[in-house]
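Inspection log for the structure reproduced underneath, given as structure tokens.
The values are calculated or read from the model by the stated rules, or taken from the named source; none is laboratory data. All of these numbers come straight from a predicted model, not from anything done at the bench. Counting neighbours? That spans all protein chains shown, and the Cβs are built from the backbone with ideal geometry, glycine included. Ligands, DNA and RNA are excluded from the accessible area calculation, which covers all protein heavy atoms including side chains. Shrake-Rupley method; radii C 1.70, N 1.55, O 1.52, S 1.80 Å.
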Amino acid sequence: MFRKPDKMPKPESLDAVGESSVRQLIAQGKHKVALERAKQIHKASASPATEALVVDAYAARIRALLDHGLLVEAKALSDLVRERYPSAGASIDQLRTSAEARQGNLDALLRPLNDPAISLEQRTSIEEAVGREVTDLAALAECPALGAGHPLRTGARALHKAFEAVTSQLVPEDALVLPEVSRRSPLAPWKMLIRAIGCFYRREDEACRRYLEAVPPGSAASRLAPALLAMADGGSRNSLPHEAAVLVSGVTQERAGLRAALQELDRAFAADDERRILKGIRNAAAECRLHCPALLEKLKGYMTVRAVIADIDSDHALPAMGGHPRKDAQFHRLFARALEATSDSKHYTFACAIWAAFLEKAKDEGWFTGHGPEAAMLYIRMAELLRVVPGHLLEMSQASARKEIDDPEAFYYLYPELLYERACAIDPHSEHFSKWLEWASTNRLAASSPEKIAEMWHAACPQDLAPLLHLMTSAERRKSFHKAIAILDKAEAIDAVHPAVRRARLRLMFANAVRQLKQRKPRLAERTLLVIQGLPQVRQGDRRAFLAALRGICSAIYGSTKATEAAVEKLTRLLDSAAAANFVIAGAASACNYQFSVCSPADLSEKELAALPAAIARVCALAEDIGWTFTPRRGWLEVAARSLRERRLELSSGQLRLLAKVALRAEYPEMAYMASAAGLALGLADEARFLLLRAQALPEWLWNRRNRCIAAAISLARSAKDSTLIAEARNLPTSGSGELSIEPDELEEVRRRERAANVYPTRQDPGPIYSSMEPEELCDCPACRRERGEPVDEDEEPDLGDLSFLDNMPLPEGVPPVIARALVEEIKQSILRGESPDELLDRLGVGGKKRRKGKRR
């Protein structure tokens, strides 16, 4: 018999205990046990509360299936729950939508975002679901439920492209800014994950950890974070889910052997050991074939290129890697870039041939068409490479190609002219024409004249100023001023306030007036001068002085002495200097081929003599401004130099530079040296320019000091990013060959010593000597190279048979035959040993002074 309990527990307490146990099991991740317990409670006492508990247990179970990737099972279970428990519609529908979202079907999730009346709460809920559930960025980027410009689609598109990039190649950090994805976007966790992947492959492990820490837990992107963190830290895979462990294993351990083989191959190439290289190629190909067969063709391409650059015999390299690589566009691109990276101009013609092959392959593979901007840029790249190739080497390559086919079009990649022409025909861009014009202006191989190229440029880009300025300058150089002014009218219609355009009209009008006065046509010149007087530019600076000087020449041609004297007086008032007035009128007369008597230095007052250097600098500035060359007579310069030396004149840096230039033009280097000394004393502003002027002023026999000054000027100009000065310095003649360079401590020494050297050098007092900064010139004969441990080819060794001419060499009268034969043998042995004549004489006891070891013999 069963005894009835004394007191039954209340139903409410039983429900509370059961619900608590179910909730605890759900929290512990035991969703299946929790669901069975909840179903038992609901079966024992069915009520709305127990039904809600069952629905919550089902929801937890469905979420667990989703987390394990069992999407089909999760959808089937959600359909079952919705059928049995209609009250669970909203929550179960949300889970079903999440399951579809994880499968890439995002329409149901995202369609409500198109409703303008959607509430903020609903929008936030959908965006949270996107951040939590969406794993297929490509599906989101192409989702038709949203407009093409919706932020979620544009952001997903950028993220998908970046994700593919960082998982296939090294990507710099600045390429992963991803401005399309804001910090508040539900896709922001993906941006952090992508940056972490980029850091991982760049071996920036600390930055990788920081980005992974910024990925919010629970987001879709966070599911990859543990695997990536394990790869970055080298930790254990045991605690990872199965899929994550497989990923880590595939990225790290299975490729460890391949990575080691590639590292050994790199070391072999660095050691330049052919046997070791071939072994490394064989091992790397075998490892890649075993573990990463999809990368084998790409690896074979890399190894082939490295082997060619290292000059490894292809008959040995190809069998080691298992045959030829696939010679597609990617292979040719890699090969051409590797040849460029050698920085050897002898390889650049070969690189252009490979680029031409790449262009054909790229067209066949659909990379781009042969008539688009990509092809134009490729033609420009080839042309710029050929510009570096020495002219004689390029001509040899062209001649060799013509022996096969006498058609330049067949070997267009060896002709810069054809490359520039093709690029400009496909893409008539200003930059392309500019490079073509620059090349044609400085290269003797150009078939098209710069003027023709400038005309083509103007026809293709009528709003560009550069071709018009070039055509105008060319016409001006040919003294065709009417044509130059007509071209200037077109340039002014495009940009009348451009500095070059504004200066050009005044310069052309002055040049036209000078030409008319040369032809003794003063009436035409007067009309031109009236036009010049109406130009606003003529009222700037000292330009009116040159106008007045030309009017004085007009009056002199007419024979009006009074008008000429009045012009000189007007010039003196304008310039406030009789010397400057005489310089201007004399310079204008010389330009017009007219004899005009000017005063001499003896006619000047003491005040005028003191101001003479400033007056010369002032007239030089005027001359440069209007395109007129001014060179005073040597007597005037000597007086100005004396004034510069005896008086402490306060001249500006620009005035001193002009004085130095005019002194160099007049072949008076002493004055140029004094001007450079005064300029160096001013400080650092124009120190590089004054060092360059000093180098030009130095005597030719001081080549060592000249080289040091030029090298110091280049170094200072490079620091100031003054490309004009660098180009000017490199065009100066120097002793020796190669790039002039200087160390920082040597630069400071040159600056200090040149600032202190204020006296023009002489043989007795040459000034600073920098012989310790010059590298010692070593003898290049086979004997000296062998003594220094350098390689010597067998064909460089002297041959005794080549010295047989010494047997018949005529000897001085009175030398006994026995002594003559002995002397000839000693000379032969001396030549074979590489001895110098002095060393031979010293060894024979005849005399002679030994030269320093290592010097050229």
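A single member of Leu170, Leu140 is crowded, with 19+ Cβ neighbours inside 10 Å and without any contact (Cβ under 8 Å) to a residue 60 or more places away in the chain, and it is Leu140.
Farther than 23 Å from Arg502 by Cβ, open to solvent by 10 Å² or more (accessible area, probe 1.4 Å) and not hydrophobic (A, V, I, L, M, F, W, C): does that describe Asp576?
yes
So that you can scan it fast, the table gives a plain yes or no per residue for (1) in a helix (DSSP H, G or I); (2) touching a His at 6+ places or on another chain (Cβ under 6 Å); (3) polar (S, T, N, Q):
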position: His347; (1), (2), (3): yes, no, no
position: Trp355; (1), (2), (3): yes, no, no
position: Gly370; (1), (2), (3): no, no, no
position: Cys424; (1), (2), (3): yes, yes, no
position: Glu431; (1), (2), (3): yes, no, no
position: Ala447; (1), (2), (3): no, no, no
position: Ile453; (1), (2), (3): yes, no, no
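Modelled with pLDDT under 85, farther than 15 Å from Leu693 by Cα and assigned to a helix (DSSP H, G or I), is that true of Ser772? Considered against the rule, which asks whether it is modelled with pLDDT under 85, farther than 15 Å from Leu693 by Cα and assigned to a helix (DSSP H, G or I), Ser772 comes out as yes. Among the residues of region 615-642, the ones that are open to solvent by 30 Å² or more (accessible area, probe 1.4 Å), over 40 Å from the mean Cα position of the chain (by Cα) and not hydroxyl-bearing (Ser, Thr, Tyr) come to 6 in all.
Tell me, please, whether a residue that is of a type in the set (S, T, N, Q) and surrounded by fewer than 21 Cβ atoms within 10 Å (Cβ to Cβ) can be found in region 358-376.
Restricting attention to region 358-376, the residues satisfying the condition of being of a type in the set (S, T, N, Q) are 369.
Among the residues that remain, those that are also surrounded by fewer than 21 Cβ atoms within 10 Å (Cβ to Cβ) are: 369.
Scanning region 358-376 turns up at least one residue that is of a type in the set (S, T, N, Q) and surrounded by fewer than 21 Cβ atoms within 10 Å (Cβ to Cβ).
Candidates Ile726, Ile710: the one that is more than 26 Å from Ala623 (Cα to Cα) and of a type in the set (A, V, I, L, M) is Ile710. For region 331-345, taking the residues that are not in a loop (DSSP other than H, G, I, E, B) and not hydrophobic (A, V, I, L, M, F, W, C), the one that is most open to solvent (accessible area, probe 1.4 Å) is identified as Arg337. Taking the criterion of being among the aliphatic types (A, V, I, L, M) and within 30 Å of Ala511 (Cβ to Cβ), the residues of region 603-626 that qualify are Ala611, Leu612, Ala614, Ala615, Ile616, Ala617, Val619, Ala621, Leu622, Ala623, Ile626. Could you list, in sequence order, all residues of region 150-206 that are among the charged types (D, E, K, R), in a helix (DSSP H, G or I) and more than 17 Å from Ala221 (Cβ to Cβ)? Correct list: Arg153, Glu173, Asp174, Asp205, Glu206. Residue pairs whose Cβ atoms lie under 8 Å apart, separated by 6 or more positions or on different chains, with the first residue in region 544-561 and without any contact (Cβ under 8 Å) to a residue 60 or more places away in the chain and of a type in the set (A, V, I, L, M) and the second open to solvent by less than 10 Å² (accessible area, probe 1.4 Å) and in a loop (DSSP other than H, G, I, E, B), are Leu550/Cys592; Ile553/Cys592. For Glu409, the conditions (1) open to solvent by 50 Å² or more (accessible area, probe 1.4 Å); (2) closer than 16 Å to Gly391 by Cβ are fulfilled apart from (2).
Figure legend. Inter-residue proximity from region 277-296: first residues within 14 Å of Gln263 (Cβ to Cβ) and at pLDDT below 80, second residues hydroxyl-bearing (Ser, Thr, Tyr) and open to solvent by less than 50 Å² (accessible area, probe 1.4 Å), beta-carbon distance below 6 Å, spacing 6+ or different chains. No pairs are indicated.
Results for (1) surrounded by fewer than 15 Cβ atoms within 10 Å (Cβ to Cβ); (2) of a type in the set (Asp, Glu); (3) in contact (Cβ under 8 Å) with a residue 40 or more places away in the chain; (4) part of a helix (DSSP H, G or I), shown as yes or no for each residue.
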| position | (1), (2), (3), (4) |
| --- | --- |
| Leu644 | no, no, no, yes |
| Glu650 | yes, yes, no, no |
| Leu656 | no, no, no, yes |
| Lys661 | no, no, yes, yes |
| Met674 | no, no, yes, yes |
| Ala677 | no, no, yes, yes |
| Leu684 | yes, no, no, no |
| Arg694 | no, no, yes, yes |
| Arg705 | no, no, yes, yes |
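For region 209-239, the set of residues classified as at pLDDT below 70 and open to solvent by less than 60 Å² (accessible area, probe 1.4 Å) consists of Gly235 only. Number of residues in region 287-330 that are crowded, with 19+ Cβ neighbours inside 10 Å, hydrophobic (A, V, I, L, M, F, W, C) and not in a helix (DSSP H, G or I) equals 1.
In region 466-495, the residues that are polar (S, T, N, Q) reach residues that are outside any loop (DSSP other than H, G, I, E, B) with C-beta atoms within less than 6 angstrom, at least six apart or across chains, in these pairs: Ser474/Glu451. Among residues of region 611-627 that are without any contact (Cβ under 8 Å) to a residue 60 or more places away in the chain, those with a beta-carbon under 7 Å from a residue that is open to solvent by 40 Å² or more (accessible area, probe 1.4 Å) and among the polar types (S, T, N, Q) at least six positions away or on a different chain give the pairs Ala614/Gln655; Ala617/Gln655; Ala623/Thr629.
Here is a check on your reading of the model: is Leu547 at pLDDT 80 or above, open to solvent by less than 50 Å² (accessible area, probe 1.4 Å) and of a type in the set (A, V, I, L, M)? When the stated conditions are applied, Leu547 passes them. Taking (1) touching a Leu at 6+ places or on another chain (Cβ under 8 Å); (2) modelled with pLDDT under 90; (3) part of a helix (DSSP H, G or I) in turn, Asp489 satisfies each apart from (1). Every condition in (1) modelled with pLDDT under 80; (2) under 36 Å from the mean Cα position of the chain (by Cα); (3) open to solvent by less than 60 Å² (accessible area, probe 1.4 Å) is met by Val130 except one, and the failing one is (2).
One residue alone among Lys521, Lys570 is open to solvent by 60 Å² or more (accessible area, probe 1.4 Å), in contact (Cβ under 8 Å) with a residue 12 or more places away in the chain and either touching an Asp or Glu at 6+ places or on another chain (Cβ under 8 Å) or not small (Gly, Ala, Ser) (or both), and that residue is Lys570.
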